[in-house]
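Okay, structure first, notes after.
Derivation of every value follows stated rules applied to the coordinates shown; laboratory data play no part. From a predicted model like this one, the values you see are computed outputs, not experimental measurements. A quick note on method: Cβ atoms are made from the backbone with ideal geometry, for glycine too, and the neighbour counts reach across all protein chains shown.
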Amino acid sequence: MRVLFIGGTGIISSACSQLAVERGIELYLFNRGESNRPAPPGAHVLRGDIRDVESARNALVGREFDVVVDWVAYTPDHVKRDIELFRERTGQYIFISSASAYQTPPANLPVTESTPLDNPYWSYSRDKIACEDLLVRVYREHKFPMTIVRPSHTYDQTMSPIEGGYTMIDRMRKGKPVVVHGDGTSLWTLTHHRDFAKGFVGLLGNDHAIGESFHITSDEILTWNQIYEILAHAAGASARLVHVASESIAAFDPNWGAGLLGDKAHSMIFDNTKIKRTVPSFSATIPFAQGAREMLDWYDADAARRIVDANFDRLLDRLIAAYESVLPKKS
């Protein structure tokens, strides 16, 4: 099977590239070569910019693929160009959407693939919904062989799932308080990228996936308090948690707030029946406790990776001070 990944060296896609090659897939990666994650040995690398139509046509001239996956399409314009470019070049086109496109907050849990797509809080999610709407229409009207995949919060060893990356971990190690949105009890799902890859690679060239949408997540459910505590334990520290309303965080930092109000502030639990039915071998087996240890091992292996964002560190101090200023005074 000949497969093209547009991108293929990102946090999620790098594990999928590795597993695809291990399973004997003839994999091509089309990207600009700017990622710090190398292509897996055995993959063919095509250099170019998918957003430059002429660059893309020149790099792909004379090539056809059983499957094309665009890991870096974010707007309907991106998808339109893909459709024009690959309409006659592939037997399956996979669009990487986002689980944040689901109804936010969800009216019912667990979330299934039939949960409505509706996120009034986050433009990123609304753009993904618009991309999906376009693909569904083109599939119905022209039988364009699309598949939609909605990752949720997927991580690797290089990406802490809490805001600020290593800055929060540094504060824990120094005994400083850290900010958790809400009361920390909302439920969340974290998925290791190697687990995601097991479900995703099983969709490549899978006839049962054409015209369908899937999310691929772990079945482990954690509160945000637990996520912070697991990271603190992996770091050999304690978590001094200060709970601040998501709306208050958004008032201090609109970018952080957009991701909270549009996604992380609400409990999200997923029913993975559909991906397990379509890819029977899929099973997520890496708990976050193991992922957190991998993460801290990665940070601790190189001092250059332990980057503390001074501006974010000061933002946390201001948030905590503002929160504490309205607490009742102890008599």
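What is the packing order of peptides 222-231, 17-26, 82-91, taking the mean over residues of other C-beta atoms within 10 Å and listing the highest first? Walk me through the numbers before you get to the answer.
Values: 222-231: 20.1, 17-26: 18.3, 82-91: 16.1.
Ranking the peptides 222-231, 17-26, 82-91 by packing returns 222-231, 17-26, 82-91.
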Task: Translational D in µm²/s for the chain (Stokes-Einstein at 10 °C, 1.306 mPa s, Kirkwood Rh from C-alpha pairs) - done: 75 µm²/s
Task: For the range 23-28, Karplus couplings with θ = phi - 60° (6.51, -1.76, 1.60), whole Hz, Gly/Pro x - done: 8, x, 6, 7, 9, 10
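Determine the dipole magnitude for the range 168-231: charges of +1 sit on the beta-carbon of Lys and Arg, -1 on that of Asp and Glu, nothing else is charged, the reference point is the Cα centre, and the result goes in debye to the nearest 20.
With Lys and Arg at +1 and Asp and Glu at -1, about 500 debye.
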Open item on the list: List the residues, sorted by chain then number, that are 5 or more residues from V180 or on another chain and whose placed amide H is less than 5 Å from its amide H.
Closed with: V242, H243, V244
- [ ] Could you please report the charge total around V279, scoring K, R as +1 and D, E as -1 over all other residues with beta-carbon less than 13 angstrom from its beta-carbon?
- [x] +2
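Going by the alpha-carbon gyration tensor, a ≥ b ≥ c the square roots of its eigenvalues, is the range 123-184 rounded (a/c under 1.5) or, if a/c is not under 1.5, prolate (a/b greater than b/c) versus oblate?
On the way: a/c = 5.22, a/b = 3.14, b/c = 1.66.
Prolate.
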Open item on the list: Net charge around L117, counting only other residues with Cβ within less than 13 Å of its Cβ (Lys, Arg = +1; Asp, Glu = -1)?
Closed with: -2
TODO: Let me have the relative contact order for the range 17-105, percent, based on Cα pairs under 8 Å that are six or more residues apart.
DONE: 21 percent
Open item on the list: So for each of 286-296, 209-219, 306-316 I average, over its residues, the number of other beta carbons within 10 Å; can you give me the resulting order with the highest mean first?
Closed with: 209-219, 286-296, 306-316
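Under a Cβ-only charge scheme (Lys and Arg +1, Asp and Glu -1), can you give me the dipole magnitude of the chain about the Cα centre, in debye to the nearest 20?
On the way: 36 positive and 41 negative charges, 60 e Å.
So the magnitude is around 280 debye.
What does the charge count around A237 come to, taking other residues whose C-beta lies under 11 Å from its C-beta (Lys +1, Arg +1, Asp -1, Glu -1)? Write out the running numbers ahead of the final one.
Details: positive: R171, R173, K174, K176, R240; negative: D170, E229.
Once all neighbours under 11 Å are counted, the net charge is +3.
What order, most packed first, do the peptides 146-159, 236-249 have when packing is the mean number of other Cβ atoms within 10 Å of each residue?
For the peptides 146-159, 236-249, the packing ranking is 146-159, 236-249.
Shape verdict for the range 102-227, please, from the Cα gyration tensor: rounded (a/c under 1.5), prolate (a/b greater than b/c) or oblate.
prolate
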- [ ] Please count, across the chain, the pairs of lysine residues with Cα atoms under 18 Å apart that sit 8 or more places apart or on different chains.
- [x] 5
TODO: May I have the convex hull volume per residue, in Å³, for the Cα set of the range 217-310?
DONE: 146 Å³
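Once you keep just the Cα pairs under 8 angstrom separated by 6 or more residues, what percentage relative contact order results for the range 85-131?
On the way: 36 pairs, mean separation 16.8, N = 47.
36 percent.
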Open item on the list: Among A303, A289, S125, which residue has its Cα furthest toward the positive end of the charge dipole of the chain, with +1 on Lys/Arg Cβ and -1 on Asp/Glu Cβ?
Closed with: A303
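Per-residue ellipticity at 222 nm for the chain, helices alone: DSSP H runs ≥ 4 residues times -39500 (n - 2.57), over residue total, nearest 500 deg cm²/dmol?
Numbers: 12 runs with 125 residues, N = 331.
After summing the helix terms and dividing by residue count, I get -11000 deg cm²/dmol.
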